[in-house]
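Each remark here refers to the structure printed beneath this line.
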Amino acid sequence: MPVLCEDEKKFALSVPVVIVGGGACGLVAALAARDAGAEVLVLEQDRTPSGSTALSSGFIPAAYTRFQKAADVIDSPELLASDVMRKNHGEADPLMVDVICRASGLAIEWLADRGVDFILVKGFLYPGHSALRMHSLPEKSGQALMNALLEACRRANIDIVCEAKVTTLHADSGHRIRGVSFSRRGEEIEEVGCAALILACSGFGGNPGMVKRYIPELSGTDYFGHKGNRGDAMLWGEELGAAIKDMSAYQGHGSVAIPQGILITWALMMEGGIQVNQLGNRFSNEHEGYSEQCVNVLAQPGGVAWNIYDERLHRLGLEFPDYRDAVSAGAVRSSPSLELLAQTTGLNLANLAATLRMTADFAAGKSKDPLGRDFTNKPALLPPYHAVKVGSALFHTQGGLCIDAEARVCDIKGNRLPNLFAGGGAARGISGAHVWGYLSGNGLLCAISLGWISGQEAARLVLKSR
Ligand SMILES: Cc1cc2nc3c(=O)[nH]c(=O)nc-3n(C[C@H](O)[C@H](O)[C@H](O)COP(=O)(O)OP(=O)(O)OC[C@H]3O[C@@H](n4cnc5c(N)ncnc54)[C@H](O)[C@@H]3O)c2cc1C
């Protein structure tokens, strides 16, 4: 992805704030920049903006919101930040974690005031979270989140040009971005000048070469995110001398139905379900997190596992659109007894029965799980049983451009580039450098918070220079 150095370059058309990418980060940035008084243009390569955001479950962690207060949930940005830092073992930049967590609740309330109709997701806690803080649209889907953001952009008269793939950045010799080139429907090249540029074009999960280089353990594994996210932000950033960090970090998942390719909600595990391998044995503490579980499942015979749970959890699953799709697609196998479950899954009956006996003992407090999971706060599994065969997938990458508290891209010495901003999957995340550092929701947390911050700060910069 070239960056052309052209001190004298002129553009026939200029818009003060240009945003590359129309996912959650780009649309929130556009809304925030417009609200702050700047003209803004979003360039999105797809015919309809969707991104990984539309593929996601649409659950956004945010602390100290009015939705939490209405449900008597006690939370704070500090508590969210400490959960994030505990999960990444202190590897993330504490300043950025603090900035992002502080912005989370403010951004959610600000979006709600612009018609994005959030609810607080109740009923279970995701791994590592100490308070109920997942916010979503009532439909509980990323597509609903995108629809609501697009509708808010329509109301705010924000220009979103689709089928516009940004191919080139134009910068002067001081690394000030002067504009971009983009191709329409793969053909004509058009140009637009800008006073500030926000990179909201996400990570590199859709670029097999970069995945092989930075995340070799998942090279060749299914990528579940948006295929058009090819690491353009990092490739441009490298040419501009920007610092790039934590490229080995990512969100994986160890609960994707085989062969249907549908996400099976981790709520089943958090509320009492277990994962066993083909031999019928548990192999990990499921409550550590679904991201690292992708590596644990890959290490099992055949790289597969089975989610085992009961009717109570099946009913919980039915609250999620993905799970309902999995049921309709025939991914869920149900049996009145363990014997029949073993037959329908092909799992070894003796091992499966022993595994369930052990987990019932853990739940009753008769013995402790050697894998470290606390079973005592959920009921033991009871017949009828349900099972789904699952495998691993890469959901999105977490490394990216280093930014400061105003979402401004920095070089390797920590100096800001003059007018370049980044957020969401384009920026360095808050999960450290490893798969186990991902706290549920870190993806949209960074997309929404940094979209909100980058939009405001880009507007401030261009209004000041005007
Ligand atoms: C199945 C699944 C479930 C998930 N569930 C959750 C969840 O519940 N909670 C959570 O926090 N996270 C979740 N995530 C992660 C989350 O989806 C991402 O972290 C988040 O959507 C990133 O937002 P973004 O705006 O940075 O990127 P995106 O939404 O991917 O948007 C980037 C946009 O940039 C466009 N683009 C890229 N390059 C160019 C270019 N050169 N020119 C023009 N446009 C370009 C793309 O087409 C895309 O539309 C999930 C991910 C997956 C795959």
> Among Glu319, Glu311, which is the only one that is of a type outside the set (Ser, Thr, Tyr), in contact (Cβ under 8 Å) with a residue 24 or more places away in the chain and in contact with a His (Cβ under 8 Å, 6 or more places away or on another chain)?
Replying inline: Glu311
> Quick one: how many residues across segment 424-465 are touching a residue at least 12 places away in the same chain (Cβ under 8 Å), open to solvent by 20 Å² or more (accessible area, probe 1.4 Å) and over 26 Å from Arg86 (Cβ atoms)?
Replying inline: 6
> Out of segment 144-166, which residues are touching a residue at least 12 places away in the same chain (Cβ under 8 Å) and either within 14 Å of Leu197 (Cα to Cα) or of a type in the set (Lys, Arg) (or both)?
Replying inline: Arg155, Lys165, Val166
> Any residue at all in segment 402-415 that is more than 16 Å from the ligand (Cβ to nearest atom), open to solvent by 10 Å² or more (accessible area, probe 1.4 Å), closer than 20 Å to Pro16 by Cβ and more than 16 Å from the chain's Cα centre (by Cα)?
Replying inline: yes
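How about segment 61-95: which of its residues are open to solvent by less than 40 Å² (accessible area, probe 1.4 Å) and touching a helix residue (DSSP H, G or I) at 6+ places or on another chain (Cβ under 7 Å)? I'd like the intermediate steps shown before the answer.
So the first thing to find is which residues in segment 61-95 are open to solvent by less than 40 Å² (accessible area, probe 1.4 Å), and the list is 61-63, 65, 68, 71, 73, 75-77, 80-81, 83-84, 87-88, 92.
Residues satisfying the conditions are Pro61, Ala62, Ala63, Thr65, Asp75, Pro77, Leu80, Ala81, Val84, Lys87, Asn88, Ala92.
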> Of the numbered conditions (1) in contact with a strand residue (DSSP E or B) (Cβ under 9 Å, 6 or more places away or on another chain); (2) over 24 Å from Gly225 (Cβ atoms); (3) in a loop (DSSP other than H, G, I, E, B), His170 satisfies every one except a single condition; which is it?
Replying inline: (3)
> Since Ala107 meets every condition but one in (1) small (Gly, Ala, Ser); (2) within 15 Å of the ligand (Cβ to nearest atom); (3) farther than 17 Å from Ser449 by Cα, which condition does it not meet?
Replying inline: (3)
>> Test of understanding: among Trp436, Trp452, which residue is within 30 Å of Ile308 (Cα to Cα), in a helix (DSSP H, G or I) and in the same structural domain as Ala36 (by TED's automatic domain parsing)?
In response: Trp436
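Quickly run through segment 12-25 and pick out the residues that are crowded, with 16+ Cβ neighbours inside 10 Å and away from the ligand (no atom under 13 Å from the Cβ). So that I can check it myself, show each step before the final result.
Step one: of segment 12-25, the residues crowded, with 16+ Cβ neighbours inside 10 Å are 14-25.
Hits for segment 12-25 are Ser14, Val15, Pro16, Val17.
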> Exactly one of (1) part of a loop (DSSP other than H, G, I, E, B); (2) within 11 Å of the ligand (Cβ to nearest atom) is unmet by His129. Its number?
Replying inline: (2)
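Output the residues belonging to segment 335-354 that are outside any helix (DSSP H, G or I) and surrounded by 15 or more Cβ atoms within 10 Å (Cβ to Cβ).
Of all residues in segment 335-354, those outside any helix (DSSP H, G or I) come to 335-337, 346-348.
Hits for segment 335-354 are Ser335, Leu347, Asn348.
Considering each of Phe421, Phe375 in turn, give the residue that is outside any helix (DSSP H, G or I) and either within 18 Å of Gly26 (Cα to Cα) or of a type in the set (A, V, I, L, M) (or both). First the steps, then the outcome.
Numbers: Phe375 fails: either within 18 Å of Gly26 (Cα to Cα) or of a type in the set (A, V, I, L, M) (or both).
Unique residue meeting the criteria: Phe421.
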> Taking the condition small (Gly, Ala, Ser), within 15 Å of the ligand (Cβ to nearest atom) and open to solvent by 10 Å² or more (accessible area, probe 1.4 Å), does Ser219 pass?
Replying inline: no
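Filter segment 222-241 for residues that are open to solvent by 10 Å² or more (accessible area, probe 1.4 Å) and more than 10 Å from the ligand (Cβ to nearest atom) and give the result.
Step one: filter segment 222-241 for residues open to solvent by 10 Å² or more (accessible area, probe 1.4 Å), giving 222-224, 226-230, 232, 235, 238-239, 241.
Answer for segment 222-241, where residues must be open to solvent by 10 Å² or more (accessible area, probe 1.4 Å) and more than 10 Å from the ligand (Cβ to nearest atom): Asp222, Glu238, Glu239, Gly241.
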>> Checking the structure you have, find out if any residue of segment 38-60 is within 26 Å of Ala459 (Cα to Cα), open to solvent by 40 Å² or more (accessible area, probe 1.4 Å) and within 16 Å of the ligand (Cβ to nearest atom).
In response: yes
>> Please verify whether Arg178 is assigned to a strand (DSSP E or B), basic (Lys, Arg) and away from the ligand (no atom under 11 Å from the Cβ), treating the condition exactly as stated.
In response: yes
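When the residues of segment 188-214 are narrowed to those that are in a strand (DSSP E or B) and under 20 Å from Cys25 (Cβ atoms), which ends up nearest to the chain's Cα centre (by Cα)? Walk me through how you get there before you give the answer.
Just the residues of segment 188-214 that are in a strand (DSSP E or B), to begin with: 189-199.
Narrowing the set further to residues that are under 20 Å from Cys25 (Cβ atoms) leaves 192, 194-199.
Numbers: Val192: 30, Cys194: 28, Ala195: 29, Ala196: 25, Leu197: 22, Ile198: 19, Leu199: 16 Å.
Once the filter is applied, the top-ranked residue is Leu199.
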> Hey, does segment 245-259 have a residue that's assigned to a helix (DSSP H, G or I), surrounded by fewer than 24 Cβ atoms within 10 Å (Cβ to Cβ) and within 23 Å of the chain's Cα centre (by Cα)?
Replying inline: no
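When segment 214-258 is examined, which residues are found to be touching a Lys or Arg at 6+ places or on another chain (Cβ under 6 Å) and at pLDDT 95 or above?
Taking segment 214-258 as the starting set, the residues that turn out to be touching a Lys or Arg at 6+ places or on another chain (Cβ under 6 Å) are 219, 245-246, 258.
Answer for segment 214-258, where residues must be touching a Lys or Arg at 6+ places or on another chain (Cβ under 6 Å) and at pLDDT 95 or above: Lys245, Asp246, Ile258.
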> Which of (1) out of contact with any strand residue (DSSP E or B) (no Cβ under 9 Å at 6 or more places or on another chain); (2) farther than 21 Å from Leu125 by Cα is the odd one out, the single condition Val97 does not satisfy?
Replying inline: (2)
>> With acidic (Asp, Glu) and touching a Leu at 6+ places or on another chain (Cβ under 8 Å) as the only criterion, which of Asp83, Asp7 stands out?
In response: Asp83
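Could you say whether any residue in segment 355-368 is of a type in the set (Gly, Ala, Ser), in contact with a helix residue (DSSP H, G or I) (Cβ under 6 Å, 6 or more places away or on another chain), open to solvent by 10 Å² or more (accessible area, probe 1.4 Å) and part of a helix (DSSP H, G or I)? Show your work before the answer.
Taking segment 355-368 first, the residues of a type in the set (Gly, Ala, Ser) are 360, 363-365, 367.
Filter once more, keeping what is in contact with a helix residue (DSSP H, G or I) (Cβ under 6 Å, 6 or more places away or on another chain): 367.
Add one more test, that the residue is open to solvent by 10 Å² or more (accessible area, probe 1.4 Å), and what stays is 367.
Among the residues that remain, those that are also part of a helix (DSSP H, G or I) are: none.
Looking for residues that are of a type in the set (Gly, Ala, Ser), in contact with a helix residue (DSSP H, G or I) (Cβ under 6 Å, 6 or more places away or on another chain), open to solvent by 10 Å² or more (accessible area, probe 1.4 Å) and part of a helix (DSSP H, G or I), one finds none in segment 355-368, hence no.
The values are calculated or read from the model by the stated rules, or taken from the named source; none is laboratory data. All values reported here derive from a predicted model rather than from experimental measurement. Quick reminder, even Gly has a Cβ in these numbers, built from the backbone with ideal geometry, and neighbours come from all protein chains shown. Areas reflect the complete protein model, heavy atoms only, side chains present, ligands, DNA and RNA absent. Shrake-Rupley method; radii C 1.70, N 1.55, O 1.52, S 1.80 Å.
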